[in-house]
Amino acid sequence: MKNKYLSPILGAVFALLAALSNGTVGVLSRSAFNEGLDHTAVAFWRCGIALSLLSIVILLRPAGLARVGSEFTGSWKIAVCSALGIFTLYHFETRAFAYAPIPLVAILVFAGGLGAIALDILILKERVTTRKAFAMTMVFLGGSFLIAGDGLVIGSIAGVILALIAGLGYASFIFAWKFFKLRSSLENFWWFLAYGFVMLAVPYAWSGAQVPSVNALPSLLSLGVIPSFCGFYCTILALQRIEAYKTQVIESSEPFFSALFAAVFFGEWLTSSGMSAALAIIVGALITSMPERRAVSMQVHPIGEEE
């Protein structure tokens, strides 16, 4: 019984840690751009570094390679999640940073996931209360005003579209991982990164396979460790403990961290209307993440407990 109370809290903590980790993507990507890398190189190398780090961790575990090999059967489901959560997110989000300010991209990436939240409710049958509906309405209106305001004023249409595609991919990955009932194991996480690495290699090779300079390595290493490794693994751990839509909404706090880092390192700010829209999105996330009295009794068992 104690685990039933603790699990939702841990899920919310992991989702928040994922948002904090992912909030560093903008400033680290922009730093890599400043060292001469294009978006395909940044996306490819950040995934490759994360995969290398995870490979070292697995090799240090007893029978690590055997465990990875045993998960290959049926890994097509992980490949689907990787196409959404790695390729779509990395490729389009990284490119969007070249067309729009970091805070705008970060918020639009989340706003693009509203369709996937609807799938969570319609297909996964996750319960919707009046409070949840109100919170999602705030997120929707905030995203709409942001697109109509800052999206047209300080960012190009291309940046808006790219960010929305990235957000839809990431949110659909959250839905798909829960829908397929995938385990939150290091082995599955390895296949998730490996499939994404192969997919990202295609546009990287097509663009000329740019080799990073020594000055770009700190940014790439940070991208590989913080958002690519820690951020995604925290998301997967959150999905094991709380609903998919709640994970997505809690992680909408990512724009706050992105805006904070962008303001500190690059002096980029949203307009006053953009900040109001961002505030509506964040408030919606906070309302949704607050515990409910009946949430524990209605909570589905974590994936790990079903085995």
Under a point spin-label approximation (7 Å from Cα along Cα-to-Cβ), what is the R67-V283 distance to one decimal in nm? 4.5
Taking K and R as +1 and D and E as -1, what net charge do the other residues with C-beta under 11 Å from the C-beta of A18 add up to? -2
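Could you order K77, K178 by accessible surface area, starting with the largest, using a probe radius of 1.4 Å? Provide the component values of the computation, followed by the final result.
Numbers: K77 65, K178 30 Å².
Greatest to least solvent exposure: K77, K178.
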In Å², nearest 10: area of I9 left accessible to a 1.4 Å probe: 100
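Could you work out how much longer the chain between A205 and L6 gets when fully extended? Use 0.36 nm per residue separation minus the Cα distance between them, nm to one decimal. Mind dumping the intermediate values first?
Numbers: separation 199, 0.36 × 199 = 71.64 nm, distance 4.57 nm.
Fully extending the segment from A205 to L6 adds 67.1 nm.
The values are calculated or read from the model by the stated rules, or taken from the named source; none is laboratory data. These numbers come from a predicted model, not from an experiment. Note that we place each Cβ from the backbone using ideal geometry, even for glycine, and neighbour counts take in every protein chain shown. Each accessible area value is taken on the protein alone, full model and side chains, heavy atoms only, with ligands, DNA and RNA left out. Shrake-Rupley method; radii C 1.70, N 1.55, O 1.52, S 1.80 Å.
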